[in-house]
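**Student:** So that we are looking at the same thing, I have put the structure below in structure tokens.
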There are 2 protein chains.
Amino acid sequence: MTLPSTDRYFPHIAYDSVVFGFSKGKLKILLMEYHDTGWFALPGGFVRKDEDLESAVKRGLFERTGLKDVYLEQFHTFGSKERHNPKVMRTILEANGHVVPEGYWMLDRFFSIAYYALIDFEKVVLTPDSLSDSISWYEVNQLPKLILDHSKIVQKALETLRSNLERKLIGGNLLPERFTMNELQAVYEAILGEKLRRTSFQRKMLSLDILERHEKLFTGKSHKAPYLYSFKS
Amino acid sequence: MTLPSTDRYFPHIAYDSVVFGFSKGKLKILLMEYHDTGWFALPGGFVRKDEDLESAVKRGLFERTGLKDVYLEQFHTFGSKERHNPKVMRTILEANGHVVPEGYWMLDRFFSIAYYALIDFEKVVLTPDSLSDSISWYEVNQLPKLILDHSKIVQKALETLRSNLERKLIGGNLLPERFTMNELQAVYEAILGEKLRRTSFQRKMLSLDILERHEKLFTGKSHKAPYLYSFKS
DNA sequence: TTATTATTGTCTCAATTCGAAACAATAGAA
DNA sequence: TTCTATTGTTTCGAATTGAGACAATAATAA
């Protein structure tokens, strides 16, 4: 493996993705762990000189998760001086056996355009990139220490997701095609970080006229079976 | 005047500002008209290698308007391939008497980080940059044709401003320190593009407990004088 | 001085929404 | 058949909002 050269990618420009998933009642995001450093980071990458910014982000997302057609939203671009720390990138590259020349472009200061994605947890097939041991899920409120300003990026992603939740009805993107009202409520509660009233939530969702009701789901439990719903298309 | 060299600025990275002002009941933004081209564009600029992104935007805003401490919000980064059109920048530079070498950095593809600003119309002192004949106010719903994707940038700024208006109570930034309830309502109406109910608006604003009531404003008109208000600090 | 006019600030009443709880339905277990 | 746990629906009062009426008042006209 040789280091990528600057001919192919824009210098100073990167993206980071905060990929949200939902499982076992918890909101989670994807983190990568770099080889031999114990360091965690958001999945991200660079933009090729012949592609759109958004295409680059989608390409990276596909490489890590195997998913296309993902709910994706740009939420902020991080461009402060303090986020520049060439030692971090140098250490990561050297831990991978690279010889990093002085002035190598990946050590430069970067402006990172951050996106968040909402995906169906069950559908992903995770693949680490060449610099990482692993990519896996972490609960948003139990994250390990992250490199650079990545914790700040996650924080801002969460804030944006919360404030967009009501306005854009995006909660369903974290669930499979069909789901129960309880599961939908659990998604909302995990994102907002607070319990919601069951009856009010149900009434609200139904009155919005965005759900389609399907057959009941019989779980074998000894109580009334809930309906399955999907979002109207 | 010589062309700026790339040593000082980041290549491929620019910012654009949508500066909103309010006057005579209309919502307006600042546009610059380039020398000898008849072309209009948003005020923008480049980021110096030794400054924060936000500092660069504030510096540019100060140079054009004479204002510091402005309400400023980043809302989107534009990074599609289609926005790259080197002929436009070449023409602008050449119309200013520059000799533009092949491969000059300002002709490259740029990622533009867009901000909107809310300012007190009465406070600005406008100063065009060296490439422009003028910088002046244009009604948002009567804009001339803009270069590149600047119309799209304005559109997105307006959408963001609208959706932030209620959540962040930012309307007051377009008014002087003290204002009447009617003026505040006019700001809201101009931004939202719709008439609001006078009594509901007043009740809502007062119930939010964010306004301080001051002395009355006697305009000489033969009717009850309105109170002046300011935002609580 | 007194009526008039235009606009502002407040109040009223009905419609709607929302929180909180009760009630009814029901799938499986006892 | 009864019981338990959970779901879907309804009810009731509180809070919010839309629409309008009403009262207050600064300057002008009579």
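The values are calculated or read from the model by the stated rules, or taken from the named source; none is laboratory data. A quick note: this is a predicted structure, and the numbers were derived from the prediction, not measured. Cβ placement follows ideal geometry from the backbone for every residue including glycine, while neighbour counts extend to all protein chains displayed. Accessible surface areas use protein heavy atoms only, side chains included; no ligands, DNA or RNA. Shrake-Rupley method; radii C 1.70, N 1.55, O 1.52, S 1.80 Å.
**Student:** How large is the translational diffusion coefficient of segment B:1-56 in µm² per second when you combine the Kirkwood radius over alpha carbon pairs with Stokes-Einstein at 4 °C and 1.567 mPa s? Write out the running numbers ahead of the final one.
**Tutor:** On the way: Rh = 13.6 Å.
After rounding, the answer is 95 µm²/s.
**Student:** Now for a separate question. Let me test this: with uniform point scatterers at the alpha carbons of chain B, what is the Debye-based log₁₀ I(q)/I(0) at q = 0.17, 0.18 1/Å?
**Tutor:** -1.25, -1.37
**Student:** Calculated from DSSP H runs of 4 or more alone, at -39500 (n - 2.57) each and per residue, what is the 222 nm mean residue ellipticity of chain A, nearest 500?
**Tutor:** -8500 deg cm²/dmol
**Student:** Further question: Checking the cross-link filter: which lysines have an alpha carbon closer than 19 Å to that of B:Lys221, excluding same-chain neighbours under 8 positions apart?
**Tutor:** B:Lys24
**Student:** Please compute the length gained on full extension between A:Ala225 and A:Lys87, using 0.36 nm multiplied by the number of residues separating them and subtracting their Cα-Cα distance.
**Tutor:** Gain on extension, A:Ala225 to A:Lys87, equals 44.0 nm.
**Student:** Ok, one more. Charges at C-beta only: +1 for Lys and Arg, -1 for Asp and Glu. How large is the resulting dipole of chain B about its Cα centre, in Debye rounded to 20? Intermediate results must be reported in sequence, preceding the final value.
**Tutor:** Numbers: 33 positive and 30 negative charges, 226 e Å.
Its charge dipole is roughly 1080 debye.
**Student:** Still on this structure, I have one more. Compare A:Arg213, A:Arg59, A:Arg109 in a GNM of chain A, Cα atoms joined below 10 Å, and give the one with the largest fluctuation.
**Tutor:** A:Arg213
**Student:** Which residues, if any, in segment B:98-138 lose at least 40 square angstrom of accessible heavy-atom surface (probe 1.4 Å) when the other protein chains sit next to their chain rather than the chain being alone?
**Tutor:** B:Arg109, B:Phe111
**Student:** Right, something else. Return the carbon/sulfur percentage of the accessible area of the protein assembly as shown, one whole number, probe 1.4 Å, all protein chains in place.
**Tutor:** It is 49 percent, rounded to a whole number.
**Student:** Next question, about the same structure. List the relative contact order of segment B:177-231 as a percent without decimals, with contacts defined as Cα pairs under 8 Å and 6+ residues apart.
**Tutor:** Working: 51 pairs, mean separation 24.4, N = 55.
Reported relative contact order: 44 percent.
**Student:** Could you give the size of the charge dipole of segment B:177-231 about its Cα centre, using +1 on the Cβ of each K and R and -1 on the Cβ of each D and E, expressed in debye and rounded to the nearest 20?
**Tutor:** Computed about the Cα centre, the dipole is about 320 debye.
**Student:** With respect to the axis carrying B onto A, what is the closest chain B residue by Cβ position, and how many angstrom separate it from the axis?
**Tutor:** B:Thr77, 2
**Student:** To continue, here is another question. Leaving out same-chain residues fewer than 8 places away, which aspartates and glutamates sit with a Cα under 20 Å from that of B:Lys49?
**Tutor:** The reachable aspartates and glutamates, counting only those whose Cα sits under 20 Å from B:Lys49, are A:Glu82, A:Glu102, A:Asp108, A:Asp149, B:Asp7, B:Asp16, B:Glu63, B:Asp108.
**Student:** Percent antiparallel among DSSP beta bridges with both residues in the protein assembly as shown, to the nearest 5?
**Tutor:** Just about 75 percent of them are antiparallel.
**Student:** What FRET efficiency would be calculated for the residue pair A:Ser233, A:Leu208, taking the C-beta separation as r and a Förster radius of 22 Å, to the nearest 0.05?
**Tutor:** Details: r = 15 Å, r/R0 = 0.68.
Efficiency computed from Cβ-Cβ geometry: 0.90.
**Student:** Could you pull the copy-to-copy label distances for A:Pro101, with points set 7 Å along Cα to Cβ, in nm to one decimal and sorted shortest first?
**Tutor:** Values, ascending and in nm: 2.1.
**Student:** Please tell me the relative contact order of chain A in percent, rounded to the nearest whole number, where contacts are Cα pairs under 8 Å and at least six residues apart.
**Tutor:** Reported as a whole number, the value is 24 percent.
**Student:** How many angstrom lie between the C-alpha centres of segment B:159-222 and segment A:184-233?
**Tutor:** 39 Å
**Student:** Oh, and also: Past the 22 Å Cα-Cα mark, which pairs from A:Lys204/B:Lys168; A:Lys58/B:Lys81; A:Lys26/A:Lys123; A:Lys28/A:Lys156; A:Lys26/A:Lys156? Present the calculation step by step, with values, prior to reporting the outcome.
**Tutor:** Working: A:Lys204/B:Lys168 24 Å; A:Lys58/B:Lys81 15 Å; A:Lys26/A:Lys123 16 Å; A:Lys28/A:Lys156 15 Å; A:Lys26/A:Lys156 19 Å.
Distance filter (> 22 Å) returns A:Lys204/B:Lys168.
**Student:** Under a straight-distance cross-link criterion of Cα-Cα below 15 Å, which aspartates and glutamates are reachable from A:Lys216, leaving out those fewer than 8 residues away in the same chain?
**Tutor:** Result set, ordered by chain and number: A:Glu177, A:Glu183.
**Student:** Then there's this: Can you work out the accessible area per residue across segment A:140-233, with the rest of the protein chains kept in place, probe 1.4 Å, in square angstrom?
**Tutor:** Value returned for segment A:140-233: 63 Å² of accessible area per residue.
**Student:** Let me ask another. Once you put a point 7 Å from the Cα of A:Lys152 and another 7 Å from the Cα of A:Glu102, both along the Cβ direction, what distance in nm separates them?
**Tutor:** Simple spin-label model gives 3.0 nm for this pair.
**Student:** Quick query: amide H of B:Asp133 versus all other amide H atoms, modeled in the peptide plane; which residues come in under 5 Å with a sequence gap of 5 or more or a different chain?
**Tutor:** Correct list: B:Glu33, B:Tyr34, B:His35.
**Student:** If I take R0 = 30 Å and measure r between the Cβ atoms of A:Asp52 and B:Thr127 in this structure, what FRET efficiency does the formula 1/(1 + (r/R0)^6) give, to the nearest 0.05?
**Tutor:** Details: r = 35 Å, r/R0 = 1.17.
Given R0 = 30 Å and the Cβ-Cβ separation, E is 0.30.
**Student:** Here is a follow-up. For segment B:223-232, just list the computed ³J(HN,Hα) in residue order, Karplus coefficients 6.51, -1.76 and 1.60, θ = phi - 60°, integers in Hz, with x standing in for Gly and Pro.
**Tutor:** Karplus values, whole Hz, x for Gly and Pro: 6, 3, 7, x, 6, 8, 10, 9, 7, 4.
**Student:** Springs between alpha-carbon atoms under 10 Å, Gaussian network over chain A: tell me which of A:Val18, A:Val154, A:Val124 tops the mean-square fluctuations.
**Tutor:** Highest fluctuation among the options: A:Val124.
**Student:** Calculate how many DSSP beta bridges within chain A are antiparallel, expressed in % of all such bridges and rounded to the nearest 5.
**Tutor:** The answer is about 75 percent antiparallel.
**Student:** Follow-up question, since we're still on this one. Put a label point 7 Å from Cα along the Cβ direction on B:Thr6, then list its distances to the equivalent points in the other copies in nm, shortest first.
**Tutor:** Output for B:Thr6: 0.7 nm, nearest copy listed first.
**Student:** A:Asp120's amide H: which non-local residues (gap 5+, or another chain) put their own amide H closer than 5 Å, with H modeled 1.01 Å from N in plane and none for Pro or chain starts?
**Tutor:** Amide H neighbours of A:Asp120, under 5 Å, 5+ apart: none.
**Student:** Tell me, what is a quarter of the convex hull surface for the C-alpha atoms of the protein assembly as shown, in nm² with one decimal?
**Tutor:** If I average the Cα hull's projected area over directions, I get 27.7 nm².
**Student:** Still on this structure, please answer the following. For segment A:175-231, compute the orientation-averaged projected area of the C-alpha convex hull (one quarter of its surface), in nm².
**Tutor:** 4.3 nm²
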